[in-house]
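What follows is one structure encoded as C-alpha cells, with my remarks underneath.
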Amino acid sequence: MANIVDDMTVGIIWATANADTALLADDAQLVRSQGYVAHHEKSAVSRGVIDEVPTLNPVASQWLGSRFCSRHIARHLNQIEDAPLFWTREQRGEEATAWLLWSHKFDYLRRTSRRFTNMRRGFCIPESEVTASPQYERVMLLLAMALMEAFGIRVELSTQPEHSVVEGFVLADRAIVANWLGSPGLWCVEASAPQSRLITYRRLAGEVVSDSLTSQATPARRLAALASYLDVPWGWFRRRCVELAAVGVDDIAHPRSRLLSTRGLNTAIRYVAYIDVLEGDDFARR
C-alpha cells in the first residue's frame with residue numbers, strides 16, 4: 001500500500017525525475033562552472049553572471065546559485081550571534097523540492113540547525129500560487145516545510161504578495177544577503193546588508209512573524225495549519241507518511257546524479273510519521 005499511485009508518490013517521482021534528468025545532463029558543465037566562479041568566494045559582495053559559466057539548463061543554473069549562496073552564508077554565519085530568521089523565496093513545490101533532494105541543501109540545514117537552536121524560516125506563499133499548483137506539487141511543498149520542522153526550524157508563513165519580491169536573507173543583529181531564486185543572474189550575495197535594507201528586512205520579519213499562519217505552539221499543529229492552507233488533507237498526508245516511513249522512498253525515487261540524495265525526503269516523511277513522539281531537535285539534527 002505504501003507505493004500506490006497517488007499525489008504523494010506522483011509528486012516524489014515527478015520531483016526526482018525532473019531534478020535527476022536536468023543535473024545529469026549538465027554534470028560536466030557544473031564541474032567546470034564551480035571552478036570558474038570559485039574566485040567570487042573571496043568577495044563580501046558578489047553577483048553571479050550567467051555568461052561567466054558554460055551554458056546550463058535552468059535547474060543546473062539554480063543548483064549552482066543555491067550552492068554558492070549556501071557556502072556564502074556558512075562563511076559569514078560567525079557574524080550572527082542571535083537566533084536568526086532565514087527568509088526564503090520558494091513559493092511552489094517545484095522550487096521547494098530542492099530542499100528535499102539537493103544534497104548540499106540537506107547538509108546546509110543540518111549545519112545551520114546545529115549552530116542555532118531557535119531558528120525560524122519564513123516563506124511567502126500567496127493564495128494565487130496555491131490555486132495554480134496541482135495537489136502533488138503542494139504535497140511536495142508541505143514535505144519541504146516538514147523537513148524544516150524536523151531540523152527544529154520553525155516555519156513562518158506569509159500570504160502577502162508584496163513580501164514575495166524581497167530577496168533571500170539571514171536576519172539577526174545583522175543581515176546576510178543570499179539570493180539565487182528569482183535573481184537576475186546566478187546569485188546575488190552580500191556579507192552584511194546596509195542599514196537601509198536592514199530596516200526593510202526587520203520590518204518584513206516583524207510582519208511575517210506577527211501575522212504568520214503558523215502561530216501554533218507545536219510542530220504538528222503548525223504543519224496541520226500549513227496543510228489546511230495548501231489544501232492538502234492532513235489526515236491523509238500523515239497516513240501516507242506513516243506508510244512510506246515503514247519502507248522508505250528508495251523504491252520509487254532513486255536519483256542517479258551524485259548531486260542528489262533521498263535523505264531529505266526520507267527525513268521529512270519519517271518526521272511526519274512520528275511527529276507525535278519526536279521533536280525536531282531530537283530527530284534530524286543528529
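Worth a mention:
- Selection count, the stretch 184-208, where residues are over 29 Å from Ser61 (Cβ atoms) and either charged (D, E, K, R) or not in a helix (DSSP H, G or I) (or both): 3
- Of all the listed residues (Phe106, Phe151, Phe169), the sole one being of a type in the set (Phe, Trp, Tyr), in contact with a helix residue (DSSP H, G or I) (Cβ under 7 Å, 6 or more places away or on another chain) and more than 21 Å from Arg263 (Cβ to Cβ) is Phe169.
- Assessment of the stretch 35-54 against the conditions (under 23 Å from the mean Cα position of the chain (by Cα) and either without any contact (Cβ under 8 Å) to a residue 24 or more places away in the chain or closer than 24 Å to Arg120 by Cβ (or both)) yields no matching residue.
- Residue within the stretch 66-82 that is under 21 Å from Ser113 (Cβ atoms), within 23 Å of the chain's Cα centre (by Cα) and of a type in the set (Asp, Glu) present: yes
- Across the stretch 27-85, the qualifying residues are those that are small (Gly, Ala, Ser) and part of a loop (DSSP other than H, G, I, E, B), and the one among them that is farthest from Trp180 (Cα to Cα) is Ala83.
Table: residues versus (1) in contact with a Leu (Cβ under 7 Å, 6 or more places away or on another chain); (2) modelled with pLDDT of 95 or more; (3) of a type in the set (A, V, I, L, M).
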{"position": "Ala2", "(1), (2), (3)": "yes, no, yes"}
{"position": "Asp27", "(1), (2), (3)": "no, yes, no"}
{"position": "Arg32", "(1), (2), (3)": "no, yes, no"}
{"position": "His40", "(1), (2), (3)": "no, yes, no"}
{"position": "Ser43", "(1), (2), (3)": "no, yes, no"}
{"position": "Trp63", "(1), (2), (3)": "yes, yes, no"}
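- Some residue of the stretch 81-101 being surrounded by fewer than 19 Cβ atoms within 10 Å (Cβ to Cβ) and closer than 20 Å to Arg270 by Cβ: no
- Filtered residues of the stretch 110-132 (kept if buried (at least 16 other Cβ atoms within 10 Å of the Cβ) and more than 16 Å from Gly152 (Cβ to Cβ)): Phe123, Cys124, Ile125, Pro126, Glu129, Val130
- In the set Asp20, Asp51, Asp27, only one residue is surrounded by fewer than 15 Cβ atoms within 10 Å (Cβ to Cβ) and under 28 Å from Ala253 (Cα atoms); that residue is Asp27.
- From the options Asp51, Asp20, residue that is of a type in the set (Asp, Glu) and either within 28 Å of Ala245 (Cα to Cα) or at pLDDT 95 or above (or both): Asp20
- If only residues of the stretch 143-165 that are among the charged types (D, E, K, R) and not in a helix (DSSP H, G or I) are counted, the one that is nearest to Glu129 (Cα to Cα) is Glu156.
- The residue that is nearest to Val242 (Cα to Cα), counting only those in the stretch 1-17 that are assigned to a helix (DSSP H, G or I) and of a type in the set (Gly, Ala, Ser), is Gly11.
The values are calculated or read from the model by the stated rules, or taken from the named source; none is laboratory data. Please read all numbers here as calculations on a predicted model, not as lab measurements. Because the Cβ atoms are built from the backbone with ideal geometry, glycine has one as well, and the counts that use them run over all protein chains shown.
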